[in-house]
Amino acid sequence: MMDPKLTRRAFSAALLAAPAVLSGKQSSLETRVRIDTNRINGQIDPKIYGNFTEMLGRCIYGGIYDPGSPLSDSRGFRKDVLKAVEELHVPLLRWPGGNFSSNYHWRDGIGPRDQRPARLELAWGTLESNEFGTDDFLTYCEQIKTEPYLCANLGTGTWDEAQQWVEYCNFPGKTAVTELRRKNGREQPWGVKYWGLGNEMDGPWQMGHRSAEDYGKFALEAAKMMKWTDPTIKLVAAGSSNFGPNADWVGWNRTVLQYLKDHADYLSLHTYVGNSQNNFAEFMASTLEVTDRIKVAEGIIQAATANSKRKIYIAYDEWNVWYRARGEGKEKGREILEEHYNLEDALVIAMFLNTFINNAQIVKIANFAQLVNVIAPIFTSKNGLFLQTIYYPLQLFASNSFGNSLELSVEAPTYSTQKHPAVPYLDISAAFNQGTLVLNVVNRHATEALPATFELEDKQFAGAFEAAEVNGPDSKAENNFDSSPVKTVTKSTDASGTRLRYTFPPHSFTMLKGKLG
Ligand code: AHR
């Protein structure tokens, strides 16, 4: 829920001061939103607030796991990181990669630590000590009360290896493999429900990269054996992540689903966006492409499952802003992919989440990439941590936006960019859960505060309303170990009747939340 330490001040002035839309003097930048709580896109799956930890850089080592540090507990888990992770309310955690998973052999990471083999790690060009492995990760998930999601190695790995990982984690009976689990201290099966059939297998950068046909055939045999071992598991097929000039995004997804339509439960999509041209207006529009991709993938899924009762959903299992620390140039050693985020990045994160909510009928899993240090909301040093700007929208959504995603009727002023003819200034999603309405609004305008009127068609506002705003002095403002100019500030007031008018400050994300009667 909302951080109790956040400052609270009345916001009735902001809510009511601007001239009412009823006066007829509507600003040209006024947005009108009509809401009927019976108009529903779909049920929001809380797993869209999932996250991802890869054996990469300082995500695990020096991030969540730092044995010997005075800040760590007896298991080596950093206690300050644990607290920040718990307050993020992560319902699903993906591991061990990413690209790493394509050269990961899970048996290397079990048993006594001092007997685990060190391996050359080819995805990120480092050494993997295997000090942190399956049982460590699953213990961490239990600690933070999150569902684990393991990505099997369908790059350099074998069918047997993928099947036996399911057996090690989930099979209750006595076999040579489950005896290993018991020997490692775990009698009861871990019950891992979510399993990835490889990662980004259409990318030439991936170890074991294959054509769509070859991946489809290979993944099908792995899927059969994994589900025969535990029929309750859910499988995520590797969708296309390759946007190179010769890539065939649609063709890959279509072919892979032809092979996997009877076994996969999700199709995975990945998107990273950035602002390398330093064009705020264009950057603020970047999630429109995410909507397009979801719509196309939804069509491909519908076509693949047209004659079947099976449902396949989208798992957006990697997404973020990532364009500065790409692992090239000056970065070295363990400290790779350590992106420093600013306010405009936090706004894009909020718009990704708006997009997932607005497509709640098909996007049922999403994993923010990643959790700690590596392109992450939590950033550590040996002495402590700070919360990056992007932490705050992630936390607000994962703590508040549940229930039904509402299909809104929005009349909004727009702007145009080179790529997009009509970008609404306000990007909005709405969640309605047991009488509580949550409106998530990003103001894409760099300099103007913009008003909006929300009109309820079937209900009334019923009293207390809160506004949680993520903003900062300017769009480039960053947090660091010494100061946090970008954070959530919460205000409260009353709202009644059928209309709520609110003015959204420039470059801001605001969550409005209140009861309806
Ligand atoms: O999240 C970083 C990397 O981005 C992942 O390892 C890979 O799957 C993607 O390309």
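Below are the figures for this structure:
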{"read-out": "Number of positions in segment 264-296 that are within 16 Å of the ligand (Cβ to nearest atom) and not in a helix (DSSP H, G or I)", "value": "9"}
{"read-out": "Search result, residues across segment 196-215 that are more than 14 Å from Thr158 (Cβ to Cβ) and crowded, with 20+ Cβ neighbours inside 10 Å", "value": "Gly196, Asn199, Glu200, Met201, Asp202, Gln206, Ala212, Tyr215"}
{"read-out": "Given (1) more than 14 Å from Ile44 (Cβ to Cβ); (2) out of contact with any Leu (no Cβ under 6 Å at 6 or more places or on another chain), index of the condition Pro413 fails", "value": "(2)"}
{"read-out": "Those residues of segment 221-246 which are of a type in the set (Ser, Thr, Tyr), assigned to a loop (DSSP other than H, G, I, E, B) and within 26 Å of Asn170 (Cα to Cα), in sequence order", "value": "Thr232"}
{"read-out": "Scan of segment 158-207 for residues that are in contact with a Pro (Cβ under 6 Å, 6 or more places away or on another chain) and assigned by TED's automatic domain parsing to the domain that holds Leu260, ordered by number", "value": "Pro189, Val192"}
{"read-out": "Test: residue in segment 247-256 that is open to solvent by 20 Å² or more (accessible area, probe 1.4 Å) and in a loop (DSSP other than H, G, I, E, B)", "value": "yes"}
{"read-out": "Verdict on Ala315 being more than 30 Å from Leu71 (Cβ to Cβ), of a type in the set (Gly, Ala, Ser) and within 14 Å of the ligand (Cβ to nearest atom)", "value": "yes"}
{"read-out": "Candidate set: segment 82-120, residues that are surrounded by 24 or more Cβ atoms within 10 Å (Cβ to Cβ) and in a helix (DSSP H, G or I); chosen: the one nearest to the ligand (Cβ to nearest atom)", "value": "Phe100"}
{"read-out": "Counted residues, segment 394-427 - those being touching a residue at least 60 places away in the same chain (Cβ under 8 Å) and part of a strand (DSSP E or B)", "value": "11"}
{"read-out": "Qualifying positions in segment 235-246 - open to solvent by 40 Å² or more (accessible area, probe 1.4 Å) and more than 16 Å from the ligand (Cβ to nearest atom)", "value": "Pro245, Asn246"}
{"read-out": "Test: residue in segment 167-176 that is within 21 Å of Ile365 (Cβ to Cβ), surrounded by 22 or more Cβ atoms within 10 Å (Cβ to Cβ) and at pLDDT 95 or above", "value": "yes"}
{"read-out": "Those residues of segment 472-517 which are in contact with a His (Cβ under 7 Å, 6 or more places away or on another chain) and open to solvent by less than 60 Å² (accessible area, probe 1.4 Å), in sequence order", "value": "Ser475, Pro506"}
{"read-out": "In segment 293-318, residue surrounded by the most Cβ atoms within 10 Å (Cβ to Cβ) [restricted to those that are over 30 Å from Val90 (Cβ atoms) and touching a residue at least 24 places away in the same chain (Cβ under 8 Å)]", "value": "Ala304"}
{"read-out": "Condition met for Gly191 (closer than 21 Å to Arg94 by Cβ, without any contact (Cβ under 8 Å) to a residue 40 or more places away in the chain and surrounded by fewer than 19 Cβ atoms within 10 Å (Cβ to Cβ))", "value": "yes"}
{"read-out": "Some residue of segment 126-140 being within 16 Å of the ligand (Cβ to nearest atom), open to solvent by less than 30 Å² (accessible area, probe 1.4 Å), part of a strand (DSSP E or B) and at pLDDT 95 or above", "value": "yes"}
{"read-out": "In segment 350-380, the residues that are within 15 Å of the ligand (Cβ to nearest atom) and either assigned to a helix (DSSP H, G or I) or among the aromatic types (Phe, Trp, Tyr) (or both)", "value": "Phe352, Phe368"}
{"read-out": "Extreme residue, least open to solvent (accessible area, probe 1.4 Å), among residues of segment 25-62 that are of a type in the set (S, T, N, Q) and modelled with pLDDT under 95", "value": "Ser27"}
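Quick grid of which residues meet (1) more than 22 Å from Tyr425 (Cα to Cα); (2) out of contact with any strand residue (DSSP E or B) (no Cβ under 9 Å at 6 or more places or on another chain):
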position: Gln302; (1), (2): yes, yes
position: Tyr313; (1), (2): yes, no
position: Gly327; (1), (2): yes, yes
position: Glu335; (1), (2): yes, yes
position: Asn342; (1), (2): no, no
position: Ala346; (1), (2): no, no
position: Lys364; (1), (2): yes, no
position: Ile378; (1), (2): yes, no
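The values are calculated or read from the model by the stated rules, or taken from the named source; none is laboratory data. Given the structure is predicted, the values throughout are model-derived calculations rather than measurements. Counting neighbours? That spans all protein chains shown, and the Cβs are built from the backbone with ideal geometry, glycine included. Note: areas computed on protein heavy atoms with side chains; ligands, DNA, RNA excluded. Shrake-Rupley method; radii C 1.70, N 1.55, O 1.52, S 1.80 Å.
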